[in-house]
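The structure appears below as structure tokens.
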Amino acid sequence: MVSHPVSPAPFSRANILHDAAPAENYSDSWLIGNGRLGAGVQGQVEDEKLRVNEESIWAGGPQDRNNPDCKGQLAEVKRLVAGGNLLEAERLSMQAMAGNPTSMRYYDFLGMIHFIHYDHHGATGYERSLNLDTAVATVKYKLNDVNYTREYIASHPKDLIAVHIRGDRPASVNFSVATERGLNENRWEEYNRRVSHDCVVMGGQFLGGGGHSFAAGVKVFTETGHVKSLGQEVEVTNADEVTVFFTAWTTYRDSNPHARVVSQLNEAAQTPWSILLDQHIADHHSLFSRVDISFGSSTPAQRALSISDRVKGQEKLFDPELTALHYQFGRYCLIASSRPGTLPATLQGIWSGSPDPQWGCRYTTNINLQMNYWLALQTNLFELNEPLLDFVLDLSKSGQETARKMYGARGAVCHHNANLWGDCAPQDRYTPATVWPTGLAWLCTHIWEHYLFSGDITVLRKYYPAIKEASLFFLDAMTDHDGYKVTSPSLSPENSYMDPRTGLAVSICAGPTLDNCILWDLFSATIHCHQVLDLDDEAFILQVSEFRSKLPPIKINRQGGIQEWLQDYVEAEIGHRHYSSLYGMYPGSRITPSSPTLFNAARTQLHRRIKHNSTHTGWSAAWAMALAARAFDADIVAERYKAAHEFWVMPRTLIAVGGREFQLDSTFGFPSAMTECILQSHETIREEGVVNVLIRLLPSLPTEWAQQGRGGHLSGVRARGGFIVDVEWNERGELVSAMIEDTVGGPFVVTASRSRCEDRNVGVEVIVDGKRGVFVKVASQKGQLSSVRAIHTST
């Protein structure tokens, strides 16, 4: 039995990415980050450009893009939607509701640390690696009988990036280093100059009115050789080993970023590399080591392949060690891009490699930002969820202006994009996405989920105001429709249906299933918060309860699946990439085995989408895997995971593509889906007025995953109710044993079956602390450890 680690788990060679050549492009880089600063390590031998980012570097300053005509035209848009004049409604909504200007500010590229290593032609024995246990990227090669090693870290304790370069012969390190934005972006630099013989700093202001001023610089430290500055470069000659420090600041956090950069670099140079490295590793490992996973051993033939070939081979034969590496890589990337006090991870985390990033590298709130943070709670990284919650709280403030100016409503609203400045106005003029009003409501469900996993009332009290503001908006903005309360105008994100009148594809609608399910969760969270926090606002809660009771029910369409819209429209694209109609199954929890009609309809909907090639992107494949896990369909889990490696996972980095550039949403989403295969805790059983969390063990583990690795384990993951869970399984995918630690105190029920809660005698029996049954109730207390063992007929 593998118990969750009380002390940090030992380092594992299985947690290392290897490559035998430098990256061919930025998307093949090893990613390092400390939450605020990020870098992509390509590892070229002679001319190396380390692309760097800082979290607050967004093009331009705050804007008021709220369309001033929305409030006056909103009633007419609603009338057109209700009357079925959908093309007219879409036309008017684009005129009166789209943001002015159309597009919000985007995340910008900071620049590069540019190294030129002198006379470095003809290197041999090249190796590039990224150790997920230590968060150290390494480049090694041999040249002229000298073995060179470069180590790259993004230190959270020191809040900087550092590169350590050494050769194994004296005076063998010779290079120059500079900071730059690139040829086309240098026009945004106001200066790039020497500060001292070993330090250069560049600075300026980013394009767009009111943008941040910034400064970024490097400082070199060595005890041997010679260091001098020439122009905007620092040159090092005849050194044994050198440490290069980099940091950047903007006026978002400091009114004098230049002074902050210089001061921080001077302070960093006082710390020996060995101490800096040890502090960095200890800080990272304290988070990373909380969860350990194994799908068993890969074959010798698999281990002998390069990572590129192993990713390609995953399409045909499950690779246990590569899959565990993929799981931990998602956790690694969240640690590197989201720390307390920082901004949340964007579409590309904190690693935009272009001054014109795809989708503006913003916060896309109709699935992508949410997916970024699913794993934070599941995989025991609670504090890394704080940047998201802080951002949601900020949006609940800035979104009040959008609610008031555009809708004449109380509360706060955010549409399908947001940015650093809390811009909540509609983004783009794209009818399948622009006027969706439910982004903030969905994000607010993460606040309640944080409480369910942690039991932390202090956190709930801090962020509850966001939940209230989101609820207030819908109390004012919703529309009466056939006895229901619905959103209007709205849409099912990025999807379309056939207009019954014109036969053309349209998107605008009232009361899509996604909105109804999100608002059920939002209103339920609001009601529960008042109970948990003992708040006194009875009139408000009564109204919230009334609106929840009037939300449309989840319906079943003509194909036997979950209906996506209020009417059973003909889908324009059967295999659409968004699984919005299935939100109630995942990440929501309304569709469970205890509602078999809806549960089976959700399975039907999922299968139909996949049959028609629904998973066009990495994030869509990850969502499909999580849905399949909740649907107890392990075969679909395995099939979608193979498809992801065939089409969307980049073979050299395990990052999934999202168009012309990588996106990190699925990198975070795949570990979430894998966890759902092994542990689920979204169901509850109410007995004698007490709500018991149901912990399902191994509900959807693919048989191939268990057989190929001959068993496995997952330890240190979290379940709702405040539980830490370790699970071990055999080569048949059967539960061997589990350990459940209670960190909050409260009863739970545990099962290793896929049975409905109502079918108490159907399925695999377990023994928990001497009690035996298919579903075993445990009256747990804080600090209690409960041992679980399965009883199999084959043993």
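Do the alpha carbons of any pairs in 49/219; 71/555; 397/468; 78/550; 485/555; 158/219 sit beyond 21 Å of each other, and which pairs?
71/555
Could you list 401, 54, 687 in order of exposure, starting from the residue whose Cβ has the fewest other Cβ atoms within 10 Å?
687, 401, 54
Please list, in chain and number order, the residues 5+ apart from residue 692 or on another chain whose amide H is under 5 Å from its amide H, with Hs placed from the backbone.
685, 686, 687
Calculate, in nm to one decimal, what residue 279 and residue 688 gain on full extension: separation in residues at 0.36 nm each, minus their alpha carbon distance.
142.1 nm
Go through the cysteines of the chain and tell me which have no other cysteine Cβ under 4.7 Å away.
70, 199, 333, 361, 444, 509, 517, 529, 677, 757
In straight Cα distance, which aspartates and glutamates are under 14 Å from residue 142, not counting same-chain residues fewer than 8 positions off?
46, 119, 127, 168
At 0.890 mPa s and 25 °C, plugging the Kirkwood radius over alpha-carbon pairs of the stretch 330-489 into Stokes-Einstein gives what diffusion coefficient in µm²/s?
152
Of 729, 487, 717, which is farthest along the charge dipole of the chain in the positive direction, counting Lys and Arg as +1 and Asp and Glu as -1 at C-beta?
In the chain, that residue is 487.
If I fit a long axis through the Cα atoms of helix 596-611 and take the longest principal axis of the Cα atoms of the chain, what angle between them do I get, 0 to 90°, rounded to 10?
Between helix and principal axis, roughly 50 degrees.
Which distance in Å, rounded to a whole number, links the C-alpha centroids of the stretch 134-169 and the stretch 500-535?
Distance between centres, Cα-based: 51 Å.
Would you mind counting up the charge near residue 533? Only other residues with Cβ under 13 Å from its Cβ, with Lys and Arg at +1 and Asp and Glu at -1.
Every neighbour counted, the sum reads -1.
Could you work out the relative contact order of the stretch 364-423, using alpha carbon pairs under 8 angstrom and six or more residues apart, expressed as a whole percent?
Over the stretch 364-423, the number comes to 34 percent.
About its Cα centre, what dipole magnitude does the chain give when the only charges are +1 on Lys and Arg Cβ and -1 on Asp and Glu Cβ, stated in debye to the nearest 20?
It comes to approximately 1120 debye.
Where Lys and Arg each count +1 and Asp and Glu each count -1, what net charge lies around residue 48 among other residues with Cβ under 12 Å from its Cβ?
Result for the neighbourhood of residue 48: +2.
If you take the charge dipole of the stretch 684-791 about its Cα centre, with +1 on Lys and Arg Cβ and -1 on Asp and Glu Cβ, which of 773, 757, 790 is farthest toward its positive end?
Towards the positive end, the residue furthest out is 757.
In a shell of Cβ-Cβ distance under 10 Å around residue 228, excluding residue 228 itself, what net charge do Lys and Arg (+1) and Asp and Glu (-1) give?
Net charge in that neighbourhood comes out at -2.
Based on Cβ point charges of +1 for Lys and Arg and -1 for Asp and Glu, what charge dipole magnitude is obtained for the stretch 646-715 about its Cα centre, in debye rounded to the nearest 20?
240
Can you order the peptides 765-772, 332-339 by their average number of other Cβ atoms within 10 Å per residue, highest first?
332-339, 765-772
Based on Cα positions only, what radius of gyration and what Dmax would you give for the stretch 625-683, in angstroms?
Rg, Dmax (Cα atoms, Å): 12.2, 39.
Putting +1 on Lys and Arg Cβ atoms and -1 on Asp and Glu Cβ atoms, find which of 170, 586, 509 reaches farthest to the positive end of the dipole of the chain.
With unit charges placed on the Cβ atoms, the residue in question is 509.
I need to check one value: relative contact order of the stretch 684-791, counting alpha carbon pairs closer than 8 Å and at least 6 residues apart, in percent.
Computed value for the stretch 684-791: 25 percent relative contact order.
Using only Cα atoms, tell me the angle between helix 86-96 and the longest principal axis of the chain; keep it within 0 to 90° and round to the nearest 10.
For helix 86-96, the angle is close to 50 degrees.
Give the Rg (one decimal place) followed by the Dmax (whole number) of the stretch 684-791, computed from C-alpha coordinates and expressed in Å.
13.5, 45
For the chain, what ratio Rg/Rh do Cα atoms give with a Kirkwood hydrodynamic radius?
Over the Cα atoms of the chain, Rg/Rh equals 0.98.
For the ranges 666-679, 135-148, what's the packing order if you count other beta-carbon atoms within 10 Å of each residue, average per peptide, and put the highest first?
666-679, 135-148
Listing 309, 108 from the residue with the fewest other Cβ atoms within 10 Å to the one with the most, what is the order?
309, 108
Find, among the trypsin sites (Lys or Arg not before Pro) in the stretch 282-322, those assigned to loop by DSSP (not H, G, I, E, B) with at most 13 other beta-carbon atoms within 10 angstrom.
Here the trypsin sites (Lys or Arg not before Pro) that fit, given the DSSP loop and packing criteria, are 316.
Tell me, what is the FRET efficiency for residue 69 and residue 616 to the nearest 0.05, using R0 = 30 angstrom and their Cβ-Cβ distance as r?
The value I calculate is 0.30.
Binning at 5 angstrom from zero up to the longest distance, how are the C-alpha pair distances of the stretch 25-121 distributed in percent?
Whole-percent P(r) values from 0 Å outward: 3, 11, 13, 12, 9, 8, 7, 8, 8, 8, 5, 3, 2, 1, 0.
Would you mind computing, in nm to one decimal, how far apart the modelled labels at residue 538 and residue 316 are, each placed 7 Å from Cα along Cα→Cβ?
Rounded to a tenth, the inter-label distance reads 7.1 nm.
Once both axes come from the Cα atoms, what is the angle between helix 665-678 and the longest principal axis of the chain, in degrees from 0 to 90, rounded to 10?
60
With θ set to phi - 60°, apply the Karplus curve 6.51 cos²θ - 1.76 cosθ + 1.60 along the stretch 457-464 and write out the HN-Hα couplings as whole Hz, x wherever there is a Gly or Pro.
5, 4, 5, 4, 5, 5, 9, 3
Coordinate-derived values only; no laboratory data. Keep in mind that what you see is a predicted model, and the values were worked out from it rather than measured. Neighbour counts are summed over all protein chains in view; Cβ atoms, including those assigned to glycine, are modelled from backbone coordinates with ideal geometry.
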